[in-house]
1. Go through the range 13-54 residue by residue and tally those that are open to solvent by 40 Å² or more (accessible area, probe 1.4 Å), of a type in the set (A, V, I, L, M, F, W, C) and modelled with pLDDT of 95 or more.
2. Report yes if some residue within the range 74-81 is at pLDDT below 95, aliphatic (A, V, I, L, M) and surrounded by 16 or more Cβ atoms within 10 Å (Cβ to Cβ); otherwise report no.
3. Pairs needed: first member in the range 77-96, more than 20 Å from ALA50 (Cα to Cα); second member anywhere, surrounded by 13 or more Cβ atoms within 10 Å (Cβ to Cβ) and of a type outside the set (D, E, K, R); C-beta distance under 6 Å; at least 6 residues apart or different chains.
4. What are the pairs, 6+ residues apart or on separate chains, where a residue within the range 1-14 that is outside any strand (DSSP E or B) has its Cβ under 9 Å from a residue that is open to solvent by 60 Å² or more (accessible area, probe 1.4 Å)?
5. Just give me the residues in the range 15-25 being free of Cβ contacts under 8 Å to residues at least 40 places away in the same chain and either touching a strand residue (DSSP E or B) at 6+ places or on another chain (Cβ under 9 Å) or part of a strand (DSSP E or B) (or both), in sequence order.
6. Given (1) over 18 Å from ASN94 (Cα atoms); (2) part of a strand (DSSP E or B), identify the lone condition not met by THR39.
Amino acid sequence: EFPLTFGVGLGLYGAFQDRPSYDAYAVSLRASAHYNFDTQIPTHAGIHFAYAPDITTFSDGEQLIDGELSYGMQLSPWASTFLAYRYTEVEWTNNTDHVFTDQIHVGIRLAW
């Protein structure tokens with residue numbers, strides 16, 4: 001019944017880059033917060049953040065950062081729409097960074 005919810009957990013990532021050829025795998029610590037608005041059509045705003053330090057990043061990766069700000073509407077018990085800004089970056093072992101995502105996403109999430 002409380003409109004603000006928090007969550008923590010683990011995330012698994014795989015990142016691949018063609019030129020130069022690098023790959024990284026990571027286990028991240030994830031944290032999130034959602035605020036559910038009490039409207040006729042249930043809506044929510046959320047923030048997600050994940051971080052994988054060097055000790056949990058394998059292969060050619062040094063660390064991983066993933067973050068998302070989102071706004072969504074619940075369409076049914078198993079489907080919701082969303083508009084989100086997402087940023088995902090991997091630091092490689094040669095001390096270069098690659099930003100995989102730095103843009104707006106629109107879509108439908110399904111849960112079962």
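1. Qualifying residue count, the range 13-54: 5.
2. no
3. Matching pairs, first to second residue: SER80/GLY72; SER80/GLN74; THR81/GLY72; THR81/MET73.
4. Final answer for the pair search is PHE2/ASN36; PRO3/TYR35; PRO3/ASN36; PRO3/PHE37; PRO3/ASP38.
5. Narrowing the range 15-25 to residues free of Cβ contacts under 8 Å to residues at least 40 places away in the same chain: 16, 18-21, 23, 25.
PHE16, PRO20, ASP23, TYR25 - these are the residues of the range 15-25 that are free of Cβ contacts under 8 Å to residues at least 40 places away in the same chain and either touching a strand residue (DSSP E or B) at 6+ places or on another chain (Cβ under 9 Å) or part of a strand (DSSP E or B) (or both).
6. For THR39, the exception is condition (2).
The values are calculated or read from the model by the stated rules, or taken from the named source; none is laboratory data. Small disclaimer: the values here were computed from a predicted structure and weren't measured. Here Cβ is always computed from backbone atoms with ideal geometry, including for glycine, and neighbour counts include all displayed protein chains. Ligands, DNA and RNA are excluded from the accessible area calculation, which covers all protein heavy atoms including side chains. Shrake-Rupley method; radii C 1.70, N 1.55, O 1.52, S 1.80 Å.
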